[in-house]
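S.K.: Would you mind keeping the following structure in view while I ask a few things?
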Amino acid sequence: MYTYKIHLHKEEEGGFTVSVPALPGCITYGEDVDDAIAMAKEAIELYIEELRDRGETVPDDTNTLEYSLSL
């Protein structure tokens, strides 16, 4: 099992763009938060499948801590 942090960015025209920092280039979009999370799961699964097919290491966020600073 892999663990990933996702970033949901609300778009001005509506919906959310989702990025997965541990997987460069893994970006998707959803009409609302639930759709964005579902799309992220699908994108991550496809990304991992591609890495495995190429024999590459699959990174994850298991040992990554995240904190938000407000300045």
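The values are calculated or read from the model by the stated rules, or taken from the named source; none is laboratory data. As the structure is a prediction and not an experimental result, all values here were calculated from the model. Methodologically, a virtual Cβ is constructed for each residue, glycine included, from the backbone with ideal geometry; neighbour enumeration extends over all protein chains shown. Please note that ligands, DNA and RNA were not included when accessible areas were found on the heavy atoms of the full protein model with its side chains. Shrake-Rupley method; radii C 1.70, N 1.55, O 1.52, S 1.80 Å.
S.K.: For region 31-58, which positions are in contact with a Leu (Cβ under 6 Å, 6 or more places away or on another chain) and outside any loop (DSSP other than H, G, I, E, B)? Step through it out loud before you land on a result.
M.R.: Taking region 31-58 and keeping what is in contact with a Leu (Cβ under 6 Å, 6 or more places away or on another chain), we get 36, 47, 58.
Passing the criteria: Ala36, Tyr47.
S.K.: Here is a further query. Under 7 Å between Cβ atoms, at least 6 apart or on separate chains: pull out the pairs that start in region 1-13 with a residue that is farther than 14 Å from Glu45 by Cβ and of a type outside the set (Gly, Ala, Ser) and end on any residue that is open to solvent by 90 Å² or more (accessible area, probe 1.4 Å) and not in a strand (DSSP E or B).
M.R.: Every condition considered, the pairs that remain are Lys5/Glu66.
S.K.: List the number of the failed condition for Asp61; all other conditions in (1) in a loop (DSSP other than H, G, I, E, B); (2) touching a Cys at 6+ places or on another chain (Cβ under 7 Å) hold.
M.R.: Status for Asp61: all satisfied but (2).
S.K.: Next question. I'm trying to understand the selection: among the residues of region 1-29, which are in a strand (DSSP E or B), of a type in the set (A, V, I, L, M, F, W, C) and in contact with a Phe, Trp or Tyr (Cβ under 6 Å, 6 or more places away or on another chain)? Before you say what the answer is, go through the steps one by one.
M.R.: First, pick out the residues of region 1-29 that are in a strand (DSSP E or B): 7-10, 16-19, 27-29.
Now drop any that are not of a type in the set (A, V, I, L, M, F, W, C), which leaves 8, 16, 18, 27.
The one that is in a strand (DSSP E or B), of a type in the set (A, V, I, L, M, F, W, C) and in contact with a Phe, Trp or Tyr (Cβ under 6 Å, 6 or more places away or on another chain): Leu8.
S.K.: Which condition from (1) in contact with a Leu (Cβ under 9 Å, 6 or more places away or on another chain); (2) closer than 13 Å to His7 by Cα is the one that Thr28 breaks?
M.R.: (1)
S.K.: Which of the residues that make up region 6-27 are in contact with a strand residue (DSSP E or B) (Cβ under 8 Å, 6 or more places away or on another chain), closer than 27 Å to Thr57 by Cα and open to solvent by less than 90 Å² (accessible area, probe 1.4 Å)? Walk me through it before giving the result.
M.R.: Just the residues of region 6-27 that are in contact with a strand residue (DSSP E or B) (Cβ under 8 Å, 6 or more places away or on another chain), to begin with: 6-11, 15-21, 26-27.
Filter once more, keeping what is closer than 27 Å to Thr57 by Cα: 6-8, 17-21, 26-27.
Once the filter is applied, which keeps residues that are in contact with a strand residue (DSSP E or B) (Cβ under 8 Å, 6 or more places away or on another chain), closer than 27 Å to Thr57 by Cα and open to solvent by less than 90 Å² (accessible area, probe 1.4 Å), region 6-27 yields Ile6, His7, Leu8, Thr17, Val18, Ser19, Val20, Pro21, Cys26.
S.K.: Here's another thing I want to ask about it. Kindly indicate the residue of region 32-49 that is under 15 Å from Tyr2 (Cα atoms) and of a type in the set (Asp, Glu) and also most open to solvent (accessible area, probe 1.4 Å) among those meeting that condition. Explain how you work it out, then say what you get.
M.R.: Step one: of region 32-49, the residues under 15 Å from Tyr2 (Cα atoms) are 40-49.
From the residues that got through so far, the ones that are of a type in the set (Asp, Glu) too are 42, 45, 49.
Details: Glu42: 97, Glu45: 122, Glu49: 103 Å².
The residue in question is Glu45.
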